[in-house]
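Read the structure below first, then the notes.
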Amino acid sequence: MAASSSSMSSSFSSLFSRSSVSHRTLLPNDSASRIYAPNSVKCGMPEPIKYGNGKPIIPIVNEPTLTKFLESARLEKSVNRDSSRLKLFSGTANPALSQEIAWYMGLELGKINIKRFADGEVYVQLGESVRGCDVFLLQPTCPPVNENFMELQIVIDACRRASAKNITAVIPYFGYARADRKTQGRESIAAKLVANLITIAGADRVLACDIHSGQSIGYFDIPVDHVYCEPVILDYLASKTICSDDLVVVSPDVGGVARARAFAKKLSDAPLAIVDKRRHGHNVAEVMNLIGDVKGKVAVMVDDMIDTAGTISKGAALLHQEGAREVYACSTHAVFSPPAIERLSNGLFQEVIVTNTIPVAEKNYFPQLTVLSVANLLGETIWRVHDDCSLSLEPLSL
């Protein structure tokens, strides 16, 4: 992530410039009885999305226009937005995000029949021809990880057997990325195994968001486009009325220093603090001390994911002990494994800012939660991949 630290500095010369993210109210025909995160950014839709069990879901999205960091990056002369050979298909893991991406791109999701037999086996049948097409499959491998991953494999296989020209697996959240190395003897490296399985299934390219460890990209023998979602969060933070002199960006552990440093540089080059911790087991963390000064400051904690929230909540408690005025938590992937909600909603955080790479269940909403959409970012990326255009043009840093 540090590699992207210089590519967008011109786009964030001022933290307090006007943000393109705005809060919108629901349309009159939207049900007032639905439960949402109070700070969620919603789109006005005439009809709710229905899927699977028929439960109505209204996705949480940004304005239907490009956000600030994308507006000046639109390609007008070099891009021919021809969708005749582009097909989008969604798995069952995050249909709301898939629909948002399709709306941004001005396309319809492809017809696909996905069902499960009584014994749990997955059945997939494409409802339209993909022969000679550039196919993008939208499926995060979020919980239940194994179910969603196996479904992705079978959808890839179905497209390959239907003679698709190119198959791109769009994986907003890449599961198993934390199992990227051996820390003890006789351990597996599941990230490498997952990369092999995706390749063998027939994918020609992978598009993923904020992979936990950059080295996991090297496990693939096919091209990988790694998309950083921090511009979406930075664009939202730009709308906050916080004095830049009061900001400090905090890494919740030593391993996230590069990520936090890149984030701090784009937040008016804010100072950096580091929480030192000692991990005694998986999903168990113990905070030891703080490196840096946060007294009287607004602390912005940055991480790629929030799982059980043990690391980030203990870090927030330490920041308050050290005199921080307010603490914000920013993360791309809202895994929210129990007891994350209890830890995040106990008053330690002024706001918890995440994206919708993983769908947030209504039961997991709490007053401090804000969900931002990455649909525009992924939609623009898919267009550029389809049109064989660079993903690293200013100010879009991918």
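Observations on the model:
- For segment 301-309, 3J(HN,Hα) per residue [Karplus equation, 6.51 cos²θ - 1.76 cosθ + 1.60, θ = phi - 60°, Hz, x = Gly/Pro]: 7, 10, 8, 7, 8, 10, 9, 8, 6
- Counted over all Cα-Cα pairs of segment 230-358, pairs farther apart than 18 Å make up 47 percent.
- Per-residue 3J(HN,Hα) values for segment 145-161, derived from phi via the Karplus relation 6.51 cos²θ - 1.76 cosθ + 1.60 with θ = phi - 60°, read 4, 5, 4, 5, 5, 5, 4, 4, 4, 6, 5, 4, 4, 5, 5, 5, 6 Hz in sequence order (x marks Gly and Pro).
- Whole-number D in µm² s⁻¹ for segment 128-213, Kirkwood Cα-pair radius fed into Stokes-Einstein, 10 °C, 1.306 mPa s: 118
- Distant-in-sequence amide contacts of LYS277, defined by a placed amide H-H separation under 5 Å and a gap of 5 or more residues or a different chain, comprise VAL254, MET288.
- Label-to-label distance, nm, for residues given as SER188 and GLU128 (7 Å Cα→Cβ offset): 3.7
- For the residue pairs LYS182/LYS277; LYS266/LYS314; LYS87/LYS165; LYS111/LYS192; LYS192/LYS265; LYS182/LYS266, alpha carbon separations beyond 22 Å are given by LYS266/LYS314; LYS111/LYS192; LYS192/LYS265; LYS182/LYS266.
- Relative protection proxy for 208-214, 227-233, 115-121, 317-323, from highest mean packing down: 227-233, 208-214, 317-323, 115-121 (other beta-carbon atoms within 10 angstrom).
- Kirkwood estimate for segment 194-255, i.e. one over the average of 1/r between Cα atoms, Å: 14.6
- Across segment 221-226, computed HN-Hα scalar couplings (Karplus, 6.51 cos²θ - 1.76 cosθ + 1.60, θ = phi - 60°) run 9, 10, x, 10, 9, 9 Hz from first to last residue, x flagging Gly and Pro.
- Amide H to amide H, with H built 1.01 Å from N, VAL300 comes under 5 Å of VAL248, VAL249, VAL250, TYR328, counting only residues 5 or more places away or on other chains.
- Under 5 Å, built H, 5+ apart or other chain: amide partners of ILE358: ALA334
Readers should treat all values here as calculations from the given coordinates under stated rules, not as data from a laboratory. On a predicted model such as this, the values are computed, not experimentally measured, just so you know. No Cβ is skipped: glycine too gets one built from the backbone with ideal geometry, and neighbour counts run over all protein chains shown.
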